[in-house]
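Quick note: the coordinates plus some simple rules give every number you see, no bench work behind them. These numbers were taken from a predicted model, which means no experiment stands behind them. Note that each Cβ is placed from the backbone with ideal geometry, even for glycine, and that neighbours are counted across all protein chains shown.
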Amino acid sequence: MIVVLRLPPEQLRKFASGLELRSYEAGRTLAVRGGTDRVLFLVVSGLVEAVTGGDGPRAESLRSFTTGDLLGDWPLLEQRPWPATLIAREPVTVLARSPARGSRRCCSAIPIRGVCSMPSGASGTTRSSR
């Protein structure tokens with residue numbers, strides 16, 4: 001969220017103009033690994049977990065996201081599939097933005113790197129759950 005707040009006023013207006021408030025119940029999926037949904041999520045409240053291997057016993061938790069975290073920048077900007085499945089671990093509210101609303105244009109200046117920003121197979125460290 002802090003990165004978004006640091007945007008110049010014109011870019012912040014463009015970013016905010018196409019946001020849609022969405023709510024997900026606990027256990028609902030926001031995005032599926034390998035999926036091609038082009039959407040950027042800004043977590044307003046709740047807990048989202050990025051996992052691989054599905055949502056069952058084989059699921060491997062990569063990272064958790066909470067209020068203020070931005071998800072989906074890499075799949076959106078690079079036109080790549082989602083590198084992880086995003087699951088609401090408790091009721092979640094997000095601000096969502098899709099390319100049809102101009103995300104590529106206004107989000108290209110947001111320098112965010114996170115687990116959903118990393119190409120699958122990329123090495124690096126991830127933050128632990130908050």
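Just subtract the alpha-carbon distance of Arg22 and Thr36 from 0.36 nm times their residue separation and send over the number in nm, one decimal. The partial results should precede the final answer.
Working: separation 14, 0.36 × 14 = 5.04 nm, distance 1.88 nm.
Difference between extended and current length: 3.2 nm.
Between Ala84 and Gly34, the built amide H atoms are under 5 Å apart, and every one of these is 5 or more places off in sequence or on another chain.
A Cβ-based charge dipole, computed about the Cα centre of segment 1-50 with Lys and Arg at +1 and Asp and Glu at -1, lands at about 140 debye.
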